[in-house]
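Read through the structure below, which is laid out as structure tokens, and then see the notes.
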Amino acid sequence: MLSMPPLLECVDALPLKRIYLIAGPAASGKTTFATTLARHMRATLLSMDHYYLDEDVVVKEYDEKYGVMPQWESPDAYDVYRMREDIDALLTTGSATIPSYSFVHSRREGYQDMCLDEDQPLIIEGLYAIRFSGILSEENDSMLKLYIHAETEERRARSHIRDVVKRGKPLADFEKRYHFVDLGEKRWVLRQMHDADFVIESTNEKRYGFFQRDSEVSHAEV
């Protein structure tokens, strides 16, 4: 069997589209893949992380282990209506003022300008980029859905680094946080794989497996 190819070989193998949706579970490598794809294609990258709701309005549910808790892994934790408006603005006018979200304070803190040239692709990256593709139904012919996958233990290790080091979350809260990450994946995130055009599996060695969902050949090494 051939070894998994490096990232740019996967990028070069993708069909050319106007919009790329990149979904996958927490710490699967979505941001790394999306950033590399955007740089390589000179595309504009929009992260769904900007559209998290403030902590005081995030939906809460009862959990047998931790009691009533905010459900950050839920699709309802996002301001989907604002995201739809901003994507519309980017595609039709070439500019939008998007939210700026603070993971340290768990709330929206200001806004930032974003531009999209007429000939630029738009990349939308986030947990539910594929699930929310319905808000772009009129763009179906110009859209490609990508799902990034990584093994559970690798993702757990990456999440630990991201939450504690990069997002400033307390180390003591990690186990509780990952408990809900795991529940959210089983309830909502993982099922997006079945709606993807391509599934790309990442490893810690920065190698990538390439799977085309609608092909008779389920696994292609590119």
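For the reader, a short list of remarks on this structure follows.
- Of LYS17/LYS186; LYS145/LYS186; LYS65/LYS145; LYS30/LYS186, pairs whose Cα-Cα distance is over 25 Å: LYS17/LYS186; LYS65/LYS145
- Residue-wise HN-Hα couplings along the stretch 123-139, as the Karplus relation 6.51 cos²θ - 1.76 cosθ + 1.60 with θ = phi - 60° gives them from phi, are 10, 10, 10, x, 3, 10, 4, 7, 4, 8, 4, x, 6, 10, 4, 6, 9 Hz; Gly and Pro carry x.
- In the stretch 110-154, the convex hull through the Cα atoms has an average projected area of 5.4 nm², a quarter of its surface area.
- Full-stretch length increase - GLN112, THR35 - with 0.36 nm per residue and alpha-carbon distance subtracted: 25.9 nm
- Exposure check, 1.4 Å probe, all protein chains in place: HIS194 carries approximately 130 Å² of accessible surface.
- Of the whole protein surface, ASP49 contributes about 40 Å² of accessible area at a 1.4 Å probe radius.
- Ordered from largest to smallest accessible area (heavy atoms of protein chains, 1.4 Å probe), the residues LYS17, LYS30 come out as LYS17, LYS30.
- For the peptides 174-187, 98-111, residues were scored by their other Cβ atoms within 10 Å and the scores averaged per peptide; the highest-first order is 174-187, 98-111.
- Backbone geometry of the stretch 82-98 corresponds, through the Karplus equation with coefficients 6.51, -1.76 and 1.60 at θ = phi - 60°, to 3J(HN,Hα) couplings of 5, 4, 4, 4, 5, 5, 4, 5, 4, 6, 9, 10, x, 8, 7, 9, 9 Hz, x marking Gly and Pro.
- The alpha-carbon positions of the stretch 1-103 define a convex hull whose volume is 147 Å³ per residue.
The values are calculated or read from the model by the stated rules, or taken from the named source; none is laboratory data. Worth saying up front: this structure is predicted, and the values here are computed from it rather than measured. Counting neighbours? That spans all protein chains shown, and the Cβs are built from the backbone with ideal geometry, glycine included. SASA here: full protein model, heavy atoms, side chains in, ligands and nucleic acids out. Shrake-Rupley method; radii C 1.70, N 1.55, O 1.52, S 1.80 Å.
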